[in-house]
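Trainee: Okay, here's the structure, questions in a sec.
The values are calculated or read from the model by the stated rules, or taken from the named source; none is laboratory data. Remember, it's a predicted structure, so these values are computed and weren't measured experimentally. Cβ atoms come from the backbone with ideal geometry, glycine included; neighbour counts cover every protein chain shown. Surface areas here come from the heavy atoms of the whole protein model, side chains and all, with no ligands, DNA or RNA. Shrake-Rupley method; radii C 1.70, N 1.55, O 1.52, S 1.80 Å.
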Amino acid sequence: MEEIRVSPDYNWFRSTVPLKRIIVDDDDSKVWSLYDAGPKSIRCPIIFLPPVSGTAEVFFQQVLSLSGWGYRVISLQYPVYWDLLEFCDGFRKLLDHLQLDKVHLFGASLGGFLAQKFAEVTHKSPRVHSLIVCNSFSDTSIFNQTWAANSFWLMPAFMLKKILLGNFAKGPVDRKMADAIDFMVDRLESLNQSDLASRLTLNCQNSYVEPHKIKDVAITIIDVFDQSALSHEAKEEMYKLYPNARRAHLKTGGNFPYLCRSAEVNLYIQIHMRQFHGTRYAAISPEMVSAEELEVQRTNLSNNSTGSEDES
């Protein structure tokens, strides 16, 4: 039942990557928790934002693999924020504290929505260079719970957990997916009432993404073909919103493909990040990129700039 928690990879992650706690708000109860792995010389890392039921640990397989390939990877757990603008302000302060001007964001479910909103809110002074959204959404109304958003803070923790567990896959799943669900249930148990209530509030309060404000941000959409908490309509809406986004489909993976299909998800992340190799926004150490790949990237960049000049 606890395959992931006792796995060598997870234990290696917990023993080698330290958990940092950072306060950036005047309210010292708002503590950001994060794992920061890979070369600290990289100033444009890839940052992972978890779903409602997740903690910074849920991306441990991405942290281990990507940092091993030379990427700087940060996996976050956000403090209690009850408002989207408040979250965006806190996240901006965190990036300032870490001295990161621009970043790449990977967000799962709520994390993907928050990543889009942060890119939108900061579009006049961009902090987001690219986005990868996994099983995510662009409009909170899809959950039909905007009416309940203002009452989550009143509910006891057991009731909030029951709401979230109702979205987990039911019925037969393969062993890896079952292990992922068990791990996420364990992570859910580690969250207190305020954590859960504030995240559900952000997830359900009436809000949507304004795509024209982030049209210049490179986006990859990762989703699954099997059962997940996200409806087919919500996925279609994302495709319409970002017609130029790259699409990465997984045949199976459920709600948590980054746990149970980590090799495929990591490959899609690498493919997305490769377009920035050889630029100042690369999240990978230059020594880890082959000379041949850098040359190809420079050629693509020069061709793109020439094409832009021709158009103008």
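Trainee: Identify all residues within segment 217-247 that are more than 13 Å from Ser136 (Cα to Cα) and either of a type in the set (Gly, Ala, Ser) or open to solvent by 70 Å² or more (accessible area, probe 1.4 Å) (or both); write none if there are none. Working first, answer last.
Mentor: Filtering segment 217-247 for residues more than 13 Å from Ser136 (Cα to Cα) gives 217-218, 225-227, 240, 243-246.
Ala218, Phe225, Gln227, Lys240, Pro243, Asn244, Ala245, Arg246, listed by residue number.
Trainee: Could you tell me which of the residues Lys235, Lys161 is over 19 Å from the mean Cα position of the chain (by Cα) and not hydrophobic (A, V, I, L, M, F, W, C)? Break it down stepwise before answering.
Mentor: Values: Lys235 fails: over 19 Å from the mean Cα position of the chain (by Cα).
It is Lys161.
Trainee: I need the full set of residues from segment 236-257 which are part of a helix (DSSP H, G or I), under 17 Å from Ile219 (Cβ atoms) and in contact (Cβ under 8 Å) with a residue 12 or more places away in the chain, in order please. So that I can check it myself, show each step before the final result.
Mentor: From segment 236-257, those part of a helix (DSSP H, G or I) are 236-241, 257; that's our starting set.
Now narrow it down to the ones that are under 17 Å from Ile219 (Cβ atoms): 236-241.
Result: Glu237, Met238, Tyr239, Leu241.
Trainee: Please go through segment 76-129 and pick out each residue that is buried (at least 17 other Cβ atoms within 10 Å of the Cβ) and part of a loop (DSSP other than H, G, I, E, B).
Mentor: Those that are buried (at least 17 other Cβ atoms within 10 Å of the Cβ) and part of a loop (DSSP other than H, G, I, E, B): Tyr78, Pro79, Val80, Tyr81, Trp82, Leu98, Leu100, Ser109, Thr122, His123, Arg127.
Trainee: Within segment 51-86, can you find the residues that are under 24 Å from Gln270 (Cβ atoms) and among the acidic types (Asp, Glu)?
Mentor: Glu57
Trainee: Next up: Answer with yes or no whether Tyr71 is within 16 Å of the chain's Cα centre (by Cα), open to solvent by less than 10 Å² (accessible area, probe 1.4 Å) and not hydrophobic (A, V, I, L, M, F, W, C).
Mentor: Details: within 16 Å of the chain's Cα centre (by Cα): yes; open to solvent by less than 10 Å² (accessible area, probe 1.4 Å): yes; not hydrophobic (A, V, I, L, M, F, W, C): yes.
Answer is yes for this residue.
Trainee: Next question, about the same structure. Exactly one of (1) open to solvent by less than 30 Å² (accessible area, probe 1.4 Å); (2) more than 30 Å from Ile42 (Cα to Cα) is unmet by Ala282. Its number?
Mentor: If we test Ala282 against (1) open to solvent by less than 30 Å² (accessible area, probe 1.4 Å); (2) more than 30 Å from Ile42 (Cα to Cα), just (2) comes out false.
Trainee: Then there is this: Could you check Gln116 against (1) free of Cβ contacts under 8 Å to residues at least 24 places away in the same chain; (2) in contact with a helix residue (DSSP H, G or I) (Cβ under 8 Å, 6 or more places away or on another chain) and say which number it fails?
Mentor: That leaves (1) as the condition not met.
Trainee: Any chance you could count how many residues in segment 1-42 are open to solvent by less than 100 Å² (accessible area, probe 1.4 Å) and among the basic types (Lys, Arg)?
Mentor: 4
Trainee: Counting only residues that are among the hydrophobic types (A, V, I, L, M, F, W, C) and out of contact with any His (no Cβ under 6 Å at 6 or more places or on another chain), which one in segment 23-43 is nearest to Ala283 (Cα to Cα)? Lay out the reasoning, then the answer.
Mentor: Residues of segment 23-43 among the hydrophobic types (A, V, I, L, M, F, W, C): 23-24, 31-32, 34, 37, 42.
Applying the additional criterion that residues be out of contact with any His (no Cβ under 6 Å at 6 or more places or on another chain) yields 23, 31-32, 34, 37, 42.
Working: Ile23: 25, Val31: 25, Trp32: 22, Leu34: 17, Ala37: 12, Ile42: 6 Å.
If we take residues in segment 23-43 being among the hydrophobic types (A, V, I, L, M, F, W, C) and out of contact with any His (no Cβ under 6 Å at 6 or more places or on another chain), then Ile42 is nearest to Ala283 (Cα to Cα).
Trainee: Now for a separate question. Can you give me the number of residues within segment 170-193 that are open to solvent by less than 50 Å² (accessible area, probe 1.4 Å), among the acidic types (Asp, Glu) and either in contact with a helix residue (DSSP H, G or I) (Cβ under 6 Å, 6 or more places away or on another chain) or not in a helix (DSSP H, G or I) (or both)?
Mentor: Residues meeting the conditions: 0.
Trainee: Name the pairs whose Cβ atoms lie under 6 Å apart, with the first residue in segment 32-50 and closer than 28 Å to Leu200 by Cβ and in contact (Cβ under 8 Å) with a residue 60 or more places away in the chain, the second in a loop (DSSP other than H, G, I, E, B) and open to solvent by less than 10 Å² (accessible area, probe 1.4 Å), and 6 or more positions between them or separate chains?
Mentor: Going by the 6 Å Cβ cut-off, the qualifying pairs are Ile46/Ala283.
Trainee: State all residues of segment 19-31 that are assigned to a loop (DSSP other than H, G, I, E, B) and free of Cβ contacts under 8 Å to residues at least 12 places away in the same chain; if no residue qualifies, say none.
Mentor: Restricting attention to segment 19-31, the residues satisfying the condition of being assigned to a loop (DSSP other than H, G, I, E, B) are 24-30.
Scanning segment 19-31 gives Asp26, Asp27, Asp28.
Trainee: Given (1) open to solvent by less than 20 Å² (accessible area, probe 1.4 Å); (2) closer than 17 Å to Tyr268 by Cβ, where does Leu164 come up short, assuming only one miss?
Mentor: Result: Leu164 fails condition (2) only.
Trainee: Anything in segment 272-292 that is within 16 Å of the chain's Cα centre (by Cα) and in a helix (DSSP H, G or I)? List them, or say none. Steps first, please.
Mentor: Restricting attention to segment 272-292, the residues satisfying the condition of being within 16 Å of the chain's Cα centre (by Cα) are 272-273, 283.
Matches in segment 272-292: His272, Met273.
Trainee: Tell me, which residue of segment 198-235 that is in a loop (DSSP other than H, G, I, E, B) and over 30 Å from Ser151 (Cα atoms) is modelled with the lowest pLDDT? Give the derivation first.
Mentor: Taking segment 198-235 first, the residues in a loop (DSSP other than H, G, I, E, B) are 205-207, 209-210, 215-217, 225-231.
Those left that are additionally over 30 Å from Ser151 (Cα atoms): 215-217, 225-226.
On the way: Lys215: 89, Asp216: 91, Val217: 96, Phe225: 83, Asp226: 79.
Filtering segment 198-235 for residues that are in a loop (DSSP other than H, G, I, E, B) and over 30 Å from Ser151 (Cα atoms), the one modelled with the lowest pLDDT comes out as Asp226.
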